[in-house]
Structure formats: structure tokens, C-alpha cells
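Novice: Pasting a structure here, questions to come.
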Ligand code: AHR
């Protein structure tokens, strides 16, 4: 068996494990809203049509914040269509997903859902087909207390108190030629800056996210961020990153190394933002909002779109996630935590049905996909301060990323509670013997070792009929002796190792 070692020291602080790193995303796409979180008439729906089984799973998942309403959808969306009496709402063509949007669910329903799900709302404004005025109108409707036409309209619709939405995305993926209202970096940068200035006049407490690239493979990546930030740096609080990791080619070694790619992407955007800050003599460091990330079998999207004409809530990209995908998701969370000093917001895309941890049948049950588990356990136990770890161990070769470390780790220490969580992924095809050095935490005792291992049945998935085929398993409690701990990490596995100070 190969060996690796990691030293944990509470002095190696990265920053607080911000709850906003455990965000998710609800888009009007496929069956995320309709048949996902909202399905009037479903046996588990409440009197507002919200599926309580999905609400229960959302709370169990530990999601802290949810971005809404898109995604590509928002770039052609008129938010006014989704408020007011349900019978008066127009049916529209949604060009992004070739779908009929009924507008039965809109902003007010989302806010009710968010409160029930115990999540912070993160809203996106349409800067594709719309501009400064419509963004201001939406903010006034949502956050202004009353005494104006739009804030009083919200009150008339039943929400007496302002929603107080703090986080706002200035459009979505406007660098992408597929985007309705696609723009050049200068066109978007000017519009985003003017929208940001006006929005902060209405409510100076909002935090704003400028659109970065749709993914790190875009031909304009790097230049887009630099140009957009030259226009917007002083007006915004975050620049966004989106990236999906595609396992369609079956190259397990490469997909397991997706965290290496995410690491490099984050480092590049940090460097670009800091370059612009230096140029503009800005002392404030910009934060990053990784507001779309996940595993996605992207080759399946075109087939989904080709299969039909204009219909309501079609099944779109309802990927079945495997045990390997769950290990990848666990590792992407490790990567996000490692950058907690600069990444302040992250949203796994999406929450229900559409490349999602929660799946449902319309009219039927809801279940947890494999990727649900590492997310839920990380959200639950990554509390306190993120600690830097520097694993020493073997590497292996990948077709996509060259030679990569087999072991990836991060630690989170809750000093007050005296609790330490170490998250570790063994990407390698063989078991790994890990030597954990905890001598800087002399009172640490092992509490739990949970693993989700993919080597024996890598393609296993959960389904409505077999919802627990891929779940985490408990291994022996880690034994600490003289501040050292030897642990076996199964091949191709995600692991949670918990320790607590002996009182
Ligand atoms: O999450 C699915 C889609 O992926 C989003 O609508 C878009 O922003 C991204 O390209």
C-alpha cells in the first residue's frame, strides 16, 4: 500500500469556513422548479404547492443559500411576469431552454420557499435583454420597505416586510454566445457598472456579483475578467466563476482530478482580480463567487433539447450521479474550502432534478443522489476556521491534467467546540495509508471516520427504487497515539475524519 502524510496545525489558518460556501441554485430549467421544489397537487405539497419532501431534503443537505431564477433563463426573464394573481400571469417562451414558462412560480413564491427551506436568497437580475431600470425595479420591489409603487405592490401581494435580499448577481454568463443578450466584455462591463451604481443607491447594503467567464475554457477567459473588472471593480463585491466537470468520456482517473483544475481556475481569477486592483490602485481585495459548479454529463444536453418542441417543464439534464461523481463533488468542496480566504460564495448547480443532489418523480417520491452525501456531511462538519494542509504522498498520471497528487485534503477547526474535521480524498486506484500528524492538537481523540468509496462499484447510482445504493459508510474510529494517527483511505474514496479535544 502506498503511504502519505499530512500535518494539521491550528496556526495554518486560511480563513473562516463561510456558510455561503454551501450554496445551491434553483433555475427555471427543466424540472428544477416545476415538479422539483414546486408541485401543487403532489401528495407531499403544502397549501402553497411547495413539496415538503424536497424541503426536508434541502434542509438535510445543509444548503445555506440559493441562487435564483437563473442561469441562462434569467437573461430573457421579466420578473414582473412572476408576481401577482396566479391567473393573470402570462405564458412565455423561454428561449434559453426552449420551454414554455407558465410563471406559476415567481419571486414571491421563491421567497416563501426560501424561508421554509431556511436558506438565504441570492437573486440574479436580467442584463441580457434588460438593463438598469428593470434591475432597479426588481430591487425596489424586493427590498424597499414601502410607500412607493413597487414596494407597495409587494405588500399588496402579501409580503408586508421587505425581503432584504443581500446578494445579487449582475446577469449571467454574458460572455457566452449562447446567452440571450450576449455581450462583449466592454459592453457588459459598462452595463454592470451602471446597474451596480444604481442598485447601491437604492440599497447600499447589497453585495453585487459581476459576471466572470462561463468556464475557464472560454476563448475570452482572463481577458473578459480583466476588462469587466476595469469597469466594475469599485462597484462590485464579487466576480463570478462557473465550471462543470464532465465525466462523459469515462476517464475516471481524470475526472477524479477535477479539483486540480478548479484550484488552477480559482488561482487564475484571483491573480486577474489582483492585477486589476493594482492597476486601479484599489486596496480592497475582491472576493470570488463560484456560483455554478458541479459534475455534469454535458454531452446529454443537446439530445434533451433536440427531442421536443415547446413544452412545459421537460426533463432536462437529469443526470444520474455515480459513486465516482460523489467523490469528485467531495473533492470540489475540499478545493472551495481551501480557498476560503478569497472564495466567499459558492453554489452547486442545481438543487433539484437538473444535475442535482435531490431527484424527484413528478407525482412520486424524492430521493438523495450519490452527490448529496459528501455535500451534506461537509456542510454539517466544516465549521470554524479552515486550516491549510500540505499532503505529502504519491502522484498518478491523468490524460487531462498530467501527473496529479493522489491525496487531497483540507481541515476545518472549531476552536470553541474543540472539534476538528479533516476532509480527505484518495483519488488513486489503490488504498492509501495516511499518517496524520496531530501533535499541535495534543488533546485530540478520534471520533469518526466516514467514507464514500467508489472503487468496487464505480458506476453505482441511487434511484427511486434503490435510493441507498451509494451512501457513506462508517469505518473504525481513528485511533490517536502520541498525536499520530494512522488511517487507511480506501481506493477512490472521499473521507470525513472527525476528532475532538478530550476535556
Ligand atoms: O446550470 C445549467 C446552466 O449552466 C445555467 O443555466 C448556465 O448559467 C450554465 O451554462
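Novice: Give the residue that is surrounded by the fewest Cβ atoms within 10 Å (Cβ to Cβ), with candidates limited to residues of region 179-191 that are away from the ligand (no atom under 16 Å from the Cβ) and under 25 Å from the mean Cα position of the chain (by Cα).
Specialist: 185
Novice: Could you identify the single residue in 40, 10 that is under 14 Å from residue 363 (Cα atoms) and in a loop (DSSP other than H, G, I, E, B)?
Specialist: Result of the check over 40, 10: 40.
Novice: Of all residues being without any contact (Cβ under 8 Å) to a residue 40 or more places away in the chain and within 13 Å of the ligand (Cβ to nearest atom) in region 214-243, which is nearest to residue 289 (Cα to Cα)? Just the residue, please.
Specialist: Ranking the candidates gives 215 first.
Novice: Under 9 Å between Cβ atoms, at least 6 apart or on separate chains: pull out the pairs that start in region 16-35 with a residue that is on the phi > 0 side of the Ramachandran plot and end on any residue that is within 11 Å of the ligand (Cβ to nearest atom).
Specialist: 30/97; 30/316; 30/317; 30/350; 30/354
Novice: Among the numbered conditions (1) surrounded by 23 or more Cβ atoms within 10 Å (Cβ to Cβ); (2) more than 20 Å from the chain's Cα centre (by Cα), tell me where residue 57 comes up short.
Specialist: For residue 57, the failing item is (2).
Novice: When region 60-83 is examined, which residues are found to be buried (at least 21 other Cβ atoms within 10 Å of the Cβ), in contact with a helix residue (DSSP H, G or I) (Cβ under 7 Å, 6 or more places away or on another chain) and farther than 18 Å from residue 104 by Cα?
Specialist: Scanning region 60-83 gives 61, 63, 65, 66.
Novice: Anything in region 159-173 that is on the phi > 0 side of the Ramachandran plot and away from the ligand (no atom under 12 Å from the Cβ)? List them, or say none.
Specialist: 164
Novice: Here's a follow-up. Going through 236, 295 one at a time, which residue ends up being touching a helix residue (DSSP H, G or I) at 6+ places or on another chain (Cβ under 6 Å) and farther than 30 Å from residue 428 by Cβ?
Specialist: 236
Novice: Working carefully through the options 251, 246, find the one that is on the phi < 0 side of the Ramachandran plot, touching a residue at least 24 places away in the same chain (Cβ under 8 Å) and away from the ligand (no atom under 16 Å from the Cβ).
Specialist: 251
Novice: Follow-up question, since we're still on this one. Got a sec? Which of 115, 78 is assigned by TED's automatic domain parsing to the domain that holds residue 34, away from the ligand (no atom under 16 Å from the Cβ) and within 21 Å of the chain's Cα centre (by Cα)?
Specialist: When all the criteria are applied, what remains is 115.
Novice: Now for a different question. Inside region 380-403, can you point out the residues that are surrounded by fewer than 22 Cβ atoms within 10 Å (Cβ to Cβ) and in contact with a helix residue (DSSP H, G or I) (Cβ under 6 Å, 6 or more places away or on another chain)?
Specialist: Across region 380-403, the qualifying residues are 398, 399, 400, 401.
Novice: Looking at the structure I just gave you, is residue 176 within 22 Å of residue 23 (Cβ to Cβ), within 22 Å of the chain's Cα centre (by Cα) and either within 16 Å of the ligand (Cβ to nearest atom) or in a loop (DSSP other than H, G, I, E, B) (or both)?
Specialist: Yes.
Novice: Right, residue 290: touching a residue at least 12 places away in the same chain (Cβ under 8 Å), farther than 28 Å from residue 30 by Cα and within 16 Å of the ligand (Cβ to nearest atom) or not?
Specialist: The answer is no for residue 290.
Novice: Out of the residues in region 432-449 that are closer than 17 Å to residue 392 by Cβ and in a loop (DSSP other than H, G, I, E, B), state the one that is farthest from the chain's Cα centre (by Cα).
Specialist: For region 432-449, the residue satisfying everything is 439.
Novice: Quick one: in region 18-28, which of the residues that are out of contact with any helix residue (DSSP H, G or I) (no Cβ under 6 Å at 6 or more places or on another chain) and part of a loop (DSSP other than H, G, I, E, B) is nearest to residue 412 (Cα to Cα)?
Specialist: Here the residue is 18.
Novice: Do you know which residues across region 149-163 are more than 20 Å from residue 120 (Cα to Cα) and surrounded by fewer than 12 Cβ atoms within 10 Å (Cβ to Cβ)?
Specialist: Within region 149-163, 149, 156 meet the criteria.
Novice: OK, next. Do the conditions hold for residue 460, that is, is it modelled with pLDDT of 95 or more and crowded, with 20+ Cβ neighbours inside 10 Å?
Specialist: no
Novice: Would you check which residues across region 118-135 are buried (at least 24 other Cβ atoms within 10 Å of the Cβ) and part of a helix (DSSP H, G or I) and list them?
Specialist: 135
Novice: Can I ask one more? Do we have any residue at all in region 37-46 that's within 16 Å of the ligand (Cβ to nearest atom) and crowded, with 23+ Cβ neighbours inside 10 Å?
Specialist: yes
Novice: Among all residue pairs at least 6 apart or on different chains, which show Cβ distances below 6 Å where the first residue, located in region 168-195, is under 18 Å from residue 123 (Cβ atoms) and in contact (Cβ under 8 Å) with a residue 40 or more places away in the chain and the second is assigned to a strand (DSSP E or B) and more than 16 Å from the ligand (Cβ to nearest atom)?
Specialist: 168/208; 170/208
Novice: Hand me the list of strands (runs of 3 or more DSSP E) wholly inside region 308-419 holding 3 or more residues that are in contact (Cβ under 8 Å) with a residue 60 or more places away in the chain, more than 16 Å from the ligand (Cβ to nearest atom) and farther than 22 Å from residue 259 by Cα.
Specialist: Of the strands (runs of 3 or more DSSP E) lying wholly inside region 308-419, those with at least 3 residues that are in contact (Cβ under 8 Å) with a residue 60 or more places away in the chain, more than 16 Å from the ligand (Cβ to nearest atom) and farther than 22 Å from residue 259 by Cα span 366-368.
The values are calculated or read from the model by the stated rules, or taken from the named source; none is laboratory data. Since this is a predicted model, take the numbers as computed values, not measurements. Every residue, glycine as well, gets a Cβ built from its backbone with ideal geometry; the counts of neighbours run over all protein chains shown.
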